[in-house]
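Enquirer: Encoded as structure tokens, here's the structure I'll be asking about.
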Amino acid sequence: MKSWRFIAFALALAFALAVALSRAAGAAEPQAPSAAVADSRDYIVLAVDNPLRRMPLRAGSSLPSYGVSQSYVVSSEAATMLAALEHEHHLHAVAAWPIAALGWQCVVYGVPPGTERQAVIDELSRDRRVRLVQPLQDFSTLGSEGGSKASDGGTGAPVPYDDPYVDLQRGFVLTSAARAHRLSTGHNVTVAVVDTGADLHHPDLRGQVAVHQDVVGAGEGSAFEQDAHGTAVAGIIAAVPNNRQGIVGIAPDARLNIYRACWYAQAKAGPARCNSFTLAKALALVMESDARIVNLSLGGPSDPLLDALLRKLLEQQRIVIGALPTSGRREGFPAGVPGVIVVGNADLQSAAAGTLSAPGRDVLTPMPGGRYEFSNGSSIATAHVSGIAALLLALDPHLDAASMLELLSNAMPAGPGASVNAEAAVTALLQRVRMATNALSR
């Protein structure tokens, strides 16, 4: 009899654990669009330890798995812990996902009705089981599209490009990108663009995008390819050259991984919106990719979860390039995170201490539907520098963020309106490589 009771107890325990695991694992992806697009004031983000051993990395690799999917899901410990926290604090899970690089299970919870969000956060922050708890915060892209439009016509272009709008590319000219292309075009470099979606069928982006993932999951059908901001940023970095259409990218032989973490309101007026949840999901995906450069043409408040993810990306030898906030100060996310290369609009102010400048006014960019428009903002300036970084990384794949910043800073003249010069940066790197080679040969 005792043995049957023991078996029944074991089966019940196994069933309870399976339910807990199934529940948590089932929340590994967004359970409803509200996690991404609802009013962030009603939600919090919570993380607990998720101590599950991951698959071993490829030997000699500092970039996790080179895109190979990791066997990393919610552990029984994390599932049990979260179930207890939900019960004790009356929380309702909206979405959850494991972050392998941090060893955390993160959950978006709705605040209980009639409860102040900050009171919930204060209570949870005193719980030793909780590694992180914070508000679900809002972020936005730092650029605007609009102004003059270009048609599908155009007059001649300087050699070596047959793209009809290359002579209208103000940023391309001011950064001396065409001259830099004699030495590097960004071959074999992947740039991760965390932004809105982009028009993958645009003539200047066709074939340039290796990965495109939508972590917003708002059920908007083809919204990914209707998003203007990501299309503009992607085009500046890697628009197709010599296709008799449009413009030329700063690094035309680079490849793009586009992660849609930002979206437009229904009216599609103003900047695109992102939040802690969508950005964290996208950055976790970047960690599992082979992208060495991460373009963040967006900004918002300092965010503990996102800051931790950026620090981990920097530890992985990624080069993170972010937009300077409209305040002109290095603050918030991502500009306030040490190690991030921050870029401001050269047309608005001189570079703040420790930041770079690039063209960010009246820059001709691709738009959804095969169109072109002039775009503005530090978002646009950031994309120029990401492209230049790709030119440098193609010549020396071992460059780290500090060396990259030094090269870019030295390639930016002093004074108002100064911009990073791609030709100067590429030339300086090649001289450095030659000197090192000569020193070794002696």
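Here, each number is a calculation from the coordinates, and none is a lab measurement. Computed from a predicted structure; not experimentally measured. Cβ: placed from backbone, ideal geometry, glycine included. Neighbour counts: every protein chain shown.
Enquirer: Quick check: net charge around Leu298, other residues with Cβ under 11 Å of its Cβ, Lys/Arg +1 and Asp/Glu -1?
Expert: -1
Enquirer: Quick one: grab the alpha carbon gyration tensor of segment 267-306, order the square roots of its eigenvalues as a ≥ b ≥ c, and give me rounded if a/c is under 1.5, else prolate or oblate depending on whether a/b is larger than b/c.
Expert: Taking the square roots of the gyration eigenvalues as a ≥ b ≥ c, segment 267-306 is prolate.
Enquirer: Shape of segment 140-437 from its Cα gyration tensor (a ≥ b ≥ c, root eigenvalues): rounded if a/c is under 1.5, otherwise prolate when a/b > b/c, or oblate?
Expert: Rounded shape, in that the Cα axes give a/c under 1.5.
Enquirer: Here's a follow-up. Just report the Cα centroid separation between segment 175-251 and segment 276-329, whole Å.
Expert: 19 Å
Enquirer: For Ala210, what is the net charge nearby, where nearby means another residue's Cβ is under 11 Å from its Cβ and Lys, Arg count +1, Asp, Glu -1?
Expert: 0
Enquirer: Once you place label points 7 Å from the Cα toward the Cβ at Ala436 and His187, how far apart are they in nm?
Expert: With each label point 7 Å from Cα toward Cβ, the separation is 1.9 nm.
Enquirer: Any idea what the relative contact order of segment 385-442 is, in percent, if you count C-alpha pairs under 8 Å spaced at least 6 apart?
Expert: Reported relative contact order: 31 percent.
Enquirer: Count charges around Thr355 for me, please; just the other residues with Cβ under 13 Å from its Cβ, Lys/Arg as +1, Asp/Glu as -1.
Expert: So the surrounding residues net to +1.
Enquirer: Of the peptides 118-125, 398-405, 198-205, how do they stack up when ordered by the mean number of other Cβ atoms within 10 Å, highest first?
Expert: Output ranking for 118-125, 398-405, 198-205: 198-205, 398-405, 118-125.
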